[in-house]
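Peer 1: The structure follows.
Only the coordinates and a few stated rules stand behind these numbers; no lab work does. Nothing here was measured: the structure is a model prediction, and the numbers come from that model. Cβ atoms come from the backbone with ideal geometry, glycine included; neighbour counts cover every protein chain shown.
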Amino acid sequence: MAGASQAQVLRRITLPLLRPAILSALLLLLVMGMASYEVPRLIGRPARIEVFTTEIQGAIISAPPQFGVASALSLALLTMCVVVVWFYRQATANADSFATITGKSYRPSMIRLGHWRWPVALAIAMLFVIALGLPLLTLLWQSFFRNLAQPMLSSPVDATLENYRFILSYPIFLAAVKTSVFLAVMAATAVTGLTFVMAWIAQRLLPRYAVLLDTLAFAPIAIPGVIVGAGILIAYLMVPAGIYNTIWILLVAYVTLYLPYGMRFASSGIAQIHRELEEVAAVSGASLGQIFGRIMLPLLAPVLLGGWIYVFVLAVRELGASIFLVGPGTHVLGTISLTMWEEGGSYGAVAALGVVQIIPLLVIVMLLRLIEVRVQRRS
């Protein structure tokens, strides 16, 4: 109405208001890259490319174990992550300035790209093909052959479904699927609930201690899964809690590992809801439970559901901590895949196992995404 173009609205209004969400995503990706373990172990270590996590694991499994070196590396990684969190807090210090949902009339609107819609669609399609489509196609192709076979090229051996028969008849596969899905659902639900309450306390009840609470909740992301798994294993070997060699010790590890991710979703969501909505409800006689149930949860439902889906996907494929905590009756999909890969068996069987894991997971995520979109529209 004031004559601003879409580019000006994007640069001067939309992007500044989205700063907490954008910085949360950048923060997660940066720290996840530093704390990544699976890819460096499978790809980097054979090429002698070491990162923090592989060096830490190498120090632990060396003979004799170098726990001092592993601790020093972990503290260095933790320090870097704490510095990143500090910069995030400085950039989003005035939370009220990012609130877009207030007591005034509010309705989200779609941004029309106009002539840019086709270049943007093409760029997204290319990103999908290069980053996800090509690896998935290669994995699917390899699953029909026992030995390595170049995709879309003639092979001296005919394609076969033998790898899928082997995986589906694998003794512990079905048990691992049930355990992984159950743990993922429980971990996602626990993390979403805990971080919602923690983020509200940090930004509403005790804003003076928000930095401390945020840092404590974010600290686990700086500790690689292998260290978290080893630490929890040693702790519950000494503490007679009765959860050693059960799925509950895995659940403790998963909640610890993914608490920071839930905190980022919840914090950025609450930052966009002005406190005046809660104040008006309190003045009208609403209890804290009614404020949570009738105001905060409906407005935060899309954000919390997005966080739940994200933690669910991460927990299903978790490997680092699971290596230390799985027992004879608590196998998960990540450890089965790693075992089959390192045993030097059929590459086709490993690829088939990956396809069997990915397809159901994609279906589940798509269904959850549809539910998330419906919730967003209602909100």
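Peer 1: Using the Cα centre of the chain as the reference point, and only Cβ charges (+1 on K/R, -1 on D/E), how large is the resulting charge dipole? Debye, rounded to the nearest 20. Write down the numbers at each step before the final one.
Peer 2: Numbers: 24 positive and 14 negative charges, 250 e Å.
Approximately 1200 debye in magnitude.
Peer 1: Can you find, among L251, P298, N147, the residue sitting farthest towards the positive end of the charge dipole of the chain, where Lys and Arg contribute +1 and Asp and Glu -1 at Cβ?
Peer 2: Sorting the options by dipole projection puts first P298.
Peer 1: Provide the net charge surrounding Q57, with neighbours chosen by a C-beta distance below 14 Å and charges set as Lys +1, Arg +1, Asp -1, Glu -1. Don't skip to the answer; put the middle values down first.
Peer 2: Working: positive: R41, R45; negative: E38, E50, E55, E342.
Once positives and negatives cancel, what remains is -2.
Peer 1: If you take every residue apart from A176 with its C-beta less than 15 Å away from the C-beta of A176, what net charge results, scoring Lys and Arg +1 and Asp and Glu -1?
Peer 2: On the way: positive: K178, R317; negative: E318.
Net charge around A176: +1.
Peer 1: For V332, what charge total do you get from the other residues with a beta carbon under 14 Å from its beta carbon, if Lys and Arg give +1 and Asp and Glu give -1? Could the numbers behind the result be given before it?
Peer 2: Numbers: positive: K178, R317; negative: E38, E318.
Counting the neighbours of V332, the net charge comes to 0.
Peer 1: Ranking request for peptides 178-189, 307-318, 130-141, 112-123: highest mean number of other beta-carbon atoms within 10 Å first, then the rest in descending order. Don't skip to the answer; put the middle values down first.
Peer 2: Details: 178-189: 19.7, 307-318: 22.0, 130-141: 13.3, 112-123: 9.6.
Descending packing order for the listed peptides: 307-318, 178-189, 130-141, 112-123.
Peer 1: Rounding to the nearest 10 and keeping the result within 0 to 90°, find how far the Cα-based axis of helix 333-342 lies from the longest principal axis of the chain.
Peer 2: Around 40 degrees separate the two axes.
Peer 1: Kindly write out, for region 135-141 in residue order, the coupling ³J(HN,Hα) from the Karplus curve 6.51 cos²θ - 1.76 cosθ + 1.60 (θ = phi - 60°), rounded to whole Hz, with x marking Gly and Pro.
Peer 2: Those phi angles translate into x, 5, 5, 4, 4, 4, 4 Hz.
Peer 1: If you stretched the chain out fully between A159 and V365, how much longer would it get, using 0.36 nm times the residue separation minus the C-alpha to C-alpha distance?
Peer 2: Details: separation 206, 0.36 × 206 = 74.16 nm, distance 2.96 nm.
Gain on stretching A159 to V365: 71.2 nm.
Peer 1: Expressed in nm², what is the orientationally averaged projection area of the convex hull enclosing the Cα positions of region 197-314?
Peer 2: Numbers: hull surface 35.6 nm².
Projected over every direction and averaged, the Cα hull of region 197-314 covers 8.9 nm².
Peer 1: Tell me the label only: which of (i) 18.5, 56; (ii) 25.8, 88; (iii) 23.3, 77 is Rg and Dmax of the Cα atoms in Å as calculated from this structure?
Peer 2: Evaluating Rg and Dmax of the Cα atoms in Å on these atoms matches (iii).
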